[in-house]
1. For B:Y87, A:Y105, write out the residues from largest to smallest accessible area, computed with a 1.4 angstrom probe and no ligands counted.
2. Roughly how many Å² is the accessible area per residue of the protein assembly as shown, as a whole number, for a 1.4 Å probe?
3. Roughly how big is the B-A contact, given as buried accessible area in Å² (both sides, 1.4 Å probe, nearest 100)?
4. Going through the stretch A:7-115, which trypsin sites (Lys or Arg not before Pro) have at most 15 other Cβ atoms within 10 Å and a DSSP loop state?
5. If you average the sequence gap of Cα pairs under 8 Å that are 6 or more apart and divide by the length of the stretch B:9-111, what percent do you get for the contact order?
6. When only DSSP loop residues count, what GluC sites (Glu not before Pro) in the stretch A:43-81 have their Cβ near at most 14 other Cβ atoms within 10 Å?
7. Label-point separation (nm) for B:A66 and A:H18, each offset 7 Å from Cα along Cα-to-Cβ?
8. Report, to the nearest whole %, how much of the accessible area of the stretch A:5-114 belongs to carbon and sulfur atoms, 1.4 Å probe, protein only.
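The values are calculated or read from the model by the stated rules, or taken from the named source; none is laboratory data. Model, not experiment: these values are computed from the prediction. As a convention, Cβ positions derive from the backbone with ideal geometry for all residues, glycine included, and neighbour counts pool all protein chains shown. Accessible surface is based on the protein model in full, side chains and every heavy atom, while ligands, DNA and RNA are left aside. Shrake-Rupley method; radii C 1.70, N 1.55, O 1.52, S 1.80 Å.
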Amino acid sequence: DAGVTQSPTHLIKTRGQHVTLRCSPISGHKSVSWYQQVLGQGPQFIFQYYEKEERGRGNFPDRFSARQFPNYSSELNVNALLLGDSALYLCASSSETGVTEDTQYFGPGTRLTVL
Amino acid sequence: LAKTTQPISMDSYEGQEVNITCSHNNIATNDYITWYQQFPSQGPRFIIQGYKTKVTNEVASLFIPADRKSSTLSLPRVSLSDTAVYYCLVGAYSGGYNKLIFGAGTRLAVHP
């Protein structure tokens, strides 16, 4: 079975540009979460979507937005890119949300470099 | 929200058993304990999850004492390929969803 997939693998943008990152969850999973991982730190929670609705948002500016589609895939959008947005962006899927033992499985990530 | 504390780094040698202990004094009644492994520039990989006592799978064991204020990940007979960062997490469940809170993790270096 395919795991979580993300595209693109790598991306280089310049300051002020916009970027869209994509994620396909494990088949049958309805929940997608997005995390940002800056070099040398642990991943930081950005968003969680379940059944196409935003269920949670981390402490990130409004330049960050996301959505989930009817097939449960998801997009993360970042506007007006800053140098500090350079990071590994991780997508994680789980079968549901609101269940305390719910396990999230991560994709390989998208490496975003902002110049 | 429960916070975890784990050693910043550990060193071991091939073939040895490695135990990484995580402290989570404020764990909530409903919280599960989850461990992930991460290699450079890759997404975290789920290793094991437990609620209490002992859980074992094909790659690791997780020991959780009765008070659940700490947990120990045990990796039997490590190899060079086990060199990675290991994260201990206590899932933050609030508002109807789960949010994983990652700390800095433990950098395990396995030497020949």
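1. Details: B:Y87 5, A:Y105 85 Å².
The residues order as A:Y105, B:Y87, largest area first.
2. Values: 10840 Å² over 227 residues.
On a per-residue basis, the protein assembly as shown sits at 48 Å².
3. Values: alone 6510 and 6200 Å², together 10840 Å².
Counting both chains, the buried surface is close to 1900 Å².
4. Details: sites: A:K13, A:R15, A:R22, A:K30, A:K52, A:R55, A:R57, A:R63, A:R67, A:R111; in loops: A:R15, A:K30, A:K52, A:R63.
Those that pass, being in a loop and sparsely packed, are A:R15, A:K52, A:R63.
5. On the way: 235 pairs, mean separation 36.3, N = 103.
35 percent.
6. Details: sites: A:E51, A:E53, A:E54, A:E75; in loops: A:E51.
Of the GluC sites (Glu not before Pro), the ones in loops of the stretch A:43-81 whose Cβ has at most 14 other Cβ atoms within 10 Å are A:E51.
7. With each label placed 7 Å out from Cα toward Cβ, I get 5.9 nm.
8. Working: 2310 of 4840 Å².
Carbon and sulfur atoms account for 48 percent of the accessible area of the stretch A:5-114.
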